[in-house]
1. Just to check I understand the Karplus step: with θ = phi - 60° and J = 6.51 cos²θ - 1.76 cosθ + 1.60, what whole-Hz values come out for region 50-57, glycine and proline as x?
2. Rg and Dmax of region 34-95, using alpha carbons, in Å: what are they?
3. Give a residue-ordered list of calculated ³J(HN,Hα) values for region 30-47 (Karplus: 6.51 cos²θ - 1.76 cosθ + 1.60, θ = phi - 60°; whole Hz; x for Gly, Pro).
4. How much length, in nm to one decimal, is gained on full extension between ALA52 and SER22, taken as 0.36 nm per residue of separation minus their Cα-Cα distance?
5. Is the shape of region 128-192 rounded, prolate or oblate, going by the alpha carbon gyration tensor and its root eigenvalues a ≥ b ≥ c, with a/c under 1.5 for rounded and a/b larger than b/c for prolate?
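Throughout, read-outs are computed from the coordinates displayed, never taken from laboratory work. Computed from a predicted model, the values in this text were never measured in an experiment.
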Amino acid sequence: MSVIDEAGGGPHPSEEGRPDLSGEPPGREFEDLFTRHAGELYRYLSRWVGAAADDLVADTFVAALKGRATYEPARATARAWLFGIATNLLHTHLRSKSRESTATGRLGSFVATDVESHERRVVERLVAEDDARALATALAALSADDRDVLLLTSWARLDSNEVAAALGIPVGTVRSRLHRVRRTLRVRRNHD
């Protein structure tokens, strides 16, 4: 069990304040941030990178600690700030993995690992792989900006204000991107 699994998800986001992180030393405030948000950050990141999410969550809190002077409580909740950091680190991680994959000539693909199992299980797996491929293809077709808005809204469960703060964009832009993404995915699903 990882440290993150033990951290839980903390109280509902609407109960969170906007802590002052400027003090020296920042120990207690960061301990509270970790307790409140490590679990939900892990769940968000693990949907993208699996077990590597442990490292990305740790990197998120290291970056937050080092960059605490940049946190502006009047502009964003600590939760939105942390998700913004995590999303930036996720982008860096995925770019690195993409370069690594290209350099070694490996392409990420879904491979059935248990072909000898019962026929029904094989069929279910193939259907799940097709669904995963369709979702991955649909997400890949979105611009990075649109994809970030969608995933921060759906996977991280940030509201429009929090997404805006995390990405440093106006709330209206978040809402219009989300509307466009939903319309695009709906049209794509109806064509498939």
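1. x, 5, 5, 4, 3, 5, 5, 5
2. Rg, Dmax (Cα atoms, Å): 11.1, 34.
3. For region 30-47, the Karplus-derived couplings read 6, 4, 5, 4, 4, 4, 6, 10, 4, x, 6, 5, 4, 4, 4, 5, 5, 5 Hz, x marking Gly and Pro.
4. On the way: separation 30, 0.36 × 30 = 10.80 nm, distance 2.96 nm.
So the extension gain works out to 7.8 nm.
5. Values: a/c = 2.58, a/b = 1.88, b/c = 1.38.
Taking the square roots of the gyration eigenvalues as a ≥ b ≥ c, region 128-192 is prolate.
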